[in-house]
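One structure is given here, and the rest of the page talks about it.
The values are calculated or read from the model by the stated rules, or taken from the named source; none is laboratory data. Just so we're clear, the structure is a prediction, and the values are computed from it rather than from any experiment. Here the Cβ is made from the backbone with ideal geometry for all residues, glycine too, and neighbour counts use every protein chain on show.
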Amino acid sequence: MINYTPTNQLTLEGFKHPFYKHLKLDNRWVKLAGVIPWNELARIYSRNLDPDAGRLSVDIRMVIGALIIKHKLTLSDRDTVDMISENVYMQYFCGLKGFQSDAPFDASLFIDIRKRMGADKFDQFNETIIRKAESLKPKRERIIKDTPSEDNTENSGGQEVDVKESSSSSSKDQLPNQDKLKLDARVTDQYITYPTDLKLLNTAREETERLVDVLYKKGSFDKKPRTYCRKARKEYLVVSKKRRKSKKELRVIIGKELRYVRRNISTIEKMLDKIEHIQKEFPLKHRDQKIYWVVQHLFDQQMYMYRNKSHKCSDRIVNIYQPHVRPMVRGKDSADVEFGSKINISEVEGFVRCNHIG
């Protein structure tokens, strides 16, 4: 079922609050609430919701307002919920009819909201808000100047006249240039640990050991396959705790980690074949299945670099849980390499659009 507060809600003067002074009409959240196209955004958000099934949803106006507050102030999920519960203007912005000190919803709801929306709906939100903002702008007056002659230039009293701008606007249907084109390469930083070959292989080994445990519990095996997890963990800690590691030590431990991962992958394949033959279904969940595929691809990349004594390969994986993250060499003083997605952003009259993410 869908719950939504329409646009014709209470005015600010009728908004109930336990304060003695009147709220300010020129507050930024009050102004923003009057220009946001709530109905259009609500239609986009509720497009995949069933109005006749399920329990009553959180007010869509509250969900949209919380998303705007979160991204406008760059807050975390918990901070966003706390900020709304503490600020009367934000509660008015989110559609509440009166002030309340309780949290409007649990912070974990943001996870379901992001899954439900995805990148497409975020883009539709952005385009809808930009179209609304552009429609509220006054029409720009066209500046038409005739090309000045030498006499007019001398009699202008020393006033500077842009000849290029005048000549470009000779046609009545043509506007002069309004701004400058700004180009810049950006990387959206991801919060991941700094990736090294040893860390990645250790994480891959631990994940494959976990998958072996998961499959062992689901299948009917005589005994659990050996993974040598204690020995592998001990060998990893001996090298990882050293402040300075020689190339020979790193190559030796990386070779051992590769052999452990290869052994675990072979064990998982045999266990999957046996379980699928008996149960006629794939035993791993979607998340575990994705991790297993990423680990296999990571193993191939690391084995290629190990055999060729190289540190480069195409589409190198730097995080098992976020395989889309790529290393970008930027050459900055703080960090030579940034990890994230390269984005192509255009700015037109103050409005920013994301044209490409890759």
For region 314-322, does any single residue satisfy the condition of being basic (Lys, Arg), surrounded by 11 or more Cβ atoms within 10 Å (Cβ to Cβ) and assigned to a helix (DSSP H, G or I)?
-> no
Listed by range, helices (runs of 4 or more DSSP H) wholly within region 154-269 having at least 3 residues that are closer than 30 Å to residue 352 by Cβ and at pLDDT 95 or above are none
Only one of (1) modelled with pLDDT under 85; (2) assigned to a helix (DSSP H, G or I) does not apply to residue 295, and that is (1)
For region 91-120, pairs from a residue that is among the charged types (D, E, K, R) to a residue that is modelled with pLDDT under 85 and surrounded by 17 or more Cβ atoms within 10 Å (Cβ to Cβ), with Cβ under 9 Å and 6 or more apart or across chains, are 97/5; 97/15
Here the residues within region 1-48 that are assigned by TED's automatic domain parsing to the domain that holds residue 126 and modelled with pLDDT under 80 are 48
Looking across region 247-256 at residues that are under 19 Å from residue 194 (Cα atoms) and not basic (Lys, Arg), the single one that is surrounded by the fewest Cβ atoms within 10 Å (Cβ to Cβ) is 250
Restricted to region 325-358 and to residues being under 17 Å from residue 195 (Cα atoms) and in a loop (DSSP other than H, G, I, E, B), the residue nearest to the chain's Cα centre (by Cα) is 325
If we ask which residues in region 93-112 are out of contact with any Ser or Thr (no Cβ under 8 Å at 6 or more places or on another chain) and either aromatic (Phe, Trp, Tyr) or under 12 Å from residue 81 (Cβ atoms) (or both), their number turns out to be 7
